[in-house]
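The values are calculated or read from the model by the stated rules, or taken from the named source; none is laboratory data. Worth saying up front: this structure is predicted, and the values here are computed from it rather than measured. Please note: Cβ atoms are built from the backbone with ideal geometry, for glycine as well, and neighbour counts cover all protein chains shown. These accessible areas exclude ligands, DNA and RNA; they are computed on the full protein's heavy atoms, side chains included. Shrake-Rupley method; radii C 1.70, N 1.55, O 1.52, S 1.80 Å.
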Amino acid sequence: MKSYIYLLAACTLLSCKKDKGEDTPQLQNVNPIDLSTIDNGNRVMMQTFYWDVTPLGEWWNTITPKIADWKANGVDRLWLPVATKGASGGYSMGYDPSDYFDFGEYNQHGSVKTRFGSRAELENLISKAHENGLQVLADIVINHCNGGGEEVNPYKNNEKTNTLFDKTHGNASEKFNRNYEHFHPNATEAADEGGDFFLDLAHKVPYVQDWLWKKDESVAKYYKNTMKFDGWRFDYVKGFGAWVIRDWMKEVGGFAVGELWDGNAETLKNWVDASGISAFDFACYYAIEQALDSQKDMHKLMTSQNAMLRTLRPDRAVTFVGNHDVDGRSDVSPTNTIAQDKKLMAYAYILTHSGYPCIFYSDYENAEFKAKIQKLLLIHRSLAAGEEKFHLASNTEYVVSRLGKDKSPGLVLFLNNSNAPAQRTITTHFKSKTLIDYTGNTAERFATDSNGKVTLKVPANSYTVWSVGQ
């Protein structure tokens, strides 16, 4: 009789432990969710070019047919290269601006077309983008100019400088003619906040302000009202005060992002607060590069230790893993490029975390990457929602959850930057569920217990994104 009582007590105790959650996870026979039925509102921007695009004079025609595909995969804005004539004419990438109103219609600097095409071809591209519901951003270079005629400059000890821009000297449109009075140094100031950059536009000169953003024929208003651009990507914003952009935006509005090339998150935050627009999240970029590539230390992705603009100002952070400057240009950033074999893991990071991702043309149109990036884009606009919950980081592994919101169930991201498969046991917000990898990098499925505990796996040098089935 005593033995029976002891056995009953032991069974009761075991039962109590089981009731407290020490259950055996059970795989359920579920199907993947059709992610196209969930839309959390997330979208991405497409950088539509790389450095020295070819064929010369045909880029607008090259990318116009791609617009519908970009739209279908979650792109809502196109960042175009500098659309006007530079000092290098048909070879110019536009960052040596000469005539702000020559969109490929004047014969100057050795060509009529820009490197990217004619004005008519650009207008057709913008029209097609609008028909597909996409905004178009103009790349604006207002720090400096190039390609002007020579003149004696009294502010440079009567030296000759190429500061004369008129009909026969690099400004065939005759809009925004310039001379030495409109550059630094001048009668107003020797230099501005960015220092004395040669052929550095003097933004405090009223004439320069009028032509850049104030008057009806200004660059800002002509681009918006005549060319129909919807927003702006401001180049090299370190070269002038944030007040310039704030004043520009008061005149024309639209979405805007600045290139403040600085890896300090606080510096980026202070600048977006001062300018009122977004900035590229270089702090996030450098953290990803160090985690996956140069330092191979996934602790760099721990935002508790490494601040990023996306954690300080998520609504102002444009995240990225490649662009025309950091990819394929050793003259600009020889040590800062994320290696090609790490790119997909980098995209898995930005497409599952907060911020507004910018997709680089060369990555998306890479035949080896395209289908995988498209899956991540679908995950981004369906599962990547809700609070971020950090689980763990090691030298080679990183695990984080998005806890979901509204119809989005959330996800678990597992990055593995090692040459061997990895597995980790974590506690998720998914309780008594079967988890599926929506990237397709593994066909294995894993069950969580009633507390959400689960052991997940990931292949070598790869990533998985886990969520529930139905």
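Select from region 366-380 the residues that are touching a residue at least 40 places away in the same chain (Cβ under 8 Å) and out of contact with any helix residue (DSSP H, G or I) (no Cβ under 8 Å at 6 or more places or on another chain) and write down the one among them that is surrounded by the fewest Cβ atoms within 10 Å (Cβ to Cβ).
Among residues in region 366-380 that are touching a residue at least 40 places away in the same chain (Cβ under 8 Å) and out of contact with any helix residue (DSSP H, G or I) (no Cβ under 8 Å at 6 or more places or on another chain), the one surrounded by the fewest Cβ atoms within 10 Å (Cβ to Cβ) is Gln374.
Take Ala385 and tell me if it is at pLDDT 95 or above, part of a loop (DSSP other than H, G, I, E, B) and within 23 Å of Ala72 (Cβ to Cβ).
Numbers: at pLDDT 95 or above: yes; part of a loop (DSSP other than H, G, I, E, B): yes; within 23 Å of Ala72 (Cβ to Cβ): yes.
Spelling it out, Ala385 is indeed at pLDDT 95 or above, part of a loop (DSSP other than H, G, I, E, B) and within 23 Å of Ala72 (Cβ to Cβ).
Taking region 74-88 as the search range and keeping residues that are part of a loop (DSSP other than H, G, I, E, B) and in contact with a Phe, Trp or Tyr (Cβ under 8 Å, 6 or more places away or on another chain), which one is nearest to Asn177 (Cα to Cα)? Can you show your working first?
The first filter runs over region 74-88 and keeps only residues part of a loop (DSSP other than H, G, I, E, B), leaving 74, 80-84, 87-88.
Within this subset, residues satisfying the condition of being in contact with a Phe, Trp or Tyr (Cβ under 8 Å, 6 or more places away or on another chain) are 80-84.
Details: Leu80: 25, Pro81: 23, Val82: 19, Ala83: 19, Thr84: 15 Å.
Result: Thr84.
Examine region 178-189 for a residue that is open to solvent by 50 Å² or more (accessible area, probe 1.4 Å) and in contact (Cβ under 8 Å) with a residue 40 or more places away in the chain, and state whether such a residue exists.
no
Quick check, is Asn461 on the phi > 0 side of the Ramachandran plot and either open to solvent by 30 Å² or more (accessible area, probe 1.4 Å) or touching an Asp or Glu at 6+ places or on another chain (Cβ under 9 Å) (or both)? Explain how you work it out, then say what you get.
Numbers: on the phi > 0 side of the Ramachandran plot: yes; either open to solvent by 30 Å² or more (accessible area, probe 1.4 Å) or touching an Asp or Glu at 6+ places or on another chain (Cβ under 9 Å) (or both): yes.
Yes.
Hey, any hits in region 339-355 for a residue that's in contact with a helix residue (DSSP H, G or I) (Cβ under 6 Å, 6 or more places away or on another chain) and at pLDDT below 95?
yes
Pick from Lys204, Lys228, Lys238: which is touching a residue at least 40 places away in the same chain (Cβ under 8 Å), open to solvent by 40 Å² or more (accessible area, probe 1.4 Å) and in a loop (DSSP other than H, G, I, E, B)?
On the way: Lys204 fails: touching a residue at least 40 places away in the same chain (Cβ under 8 Å); Lys238 fails: in a loop (DSSP other than H, G, I, E, B).
Result of the check over Lys204, Lys228, Lys238: Lys228.
Cβ-Cβ below 6 Å, separation at least six or inter-chain, first residue in region 274-290 and among the β-branched types (Val, Ile, Thr), second outside any helix (DSSP H, G or I) and open to solvent by 10 Å² or more (accessible area, probe 1.4 Å): which pairs?
Here the result reads none, with nothing in region 274-290 linked to a residue that is outside any helix (DSSP H, G or I) and open to solvent by 10 Å² or more (accessible area, probe 1.4 Å).
Could you identify the single residue in Asp210, Asp216 that is in a helix (DSSP H, G or I) and more than 15 Å from Ser275 (Cα to Cα)? Step through it out loud before you land on a result.
Details: Asp216 fails: in a helix (DSSP H, G or I).
Unique residue meeting the criteria: Asp210.
Okay, residues lined up against (1) surrounded by fewer than 19 Cβ atoms within 10 Å (Cβ to Cβ); (2) outside any loop (DSSP other than H, G, I, E, B):
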{"position": "Lys66", "(1), (2)": "yes, yes"}
{"position": "Asp69", "(1), (2)": "yes, yes"}
{"position": "Gly90", "(1), (2)": "yes, yes"}
{"position": "Tyr95", "(1), (2)": "no, no"}
{"position": "Phe103", "(1), (2)": "no, no"}
{"position": "Ala120", "(1), (2)": "yes, yes"}
{"position": "Asn124", "(1), (2)": "yes, yes"}
{"position": "Leu137", "(1), (2)": "no, yes"}
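Looking at Gly74, Gly21, Gly86, can you tell me which residue is within 30 Å of Phe430 (Cα to Cα), among the small types (Gly, Ala, Ser) and either modelled with pLDDT of 95 or more or surrounded by 21 or more Cβ atoms within 10 Å (Cβ to Cβ) (or both)? Don't jump to the end; show me each part of the working.
Numbers: Gly21 fails: either modelled with pLDDT of 95 or more or surrounded by 21 or more Cβ atoms within 10 Å (Cβ to Cβ) (or both); Gly86 fails: within 30 Å of Phe430 (Cα to Cα).
Criteria check complete, one pass: Gly74.
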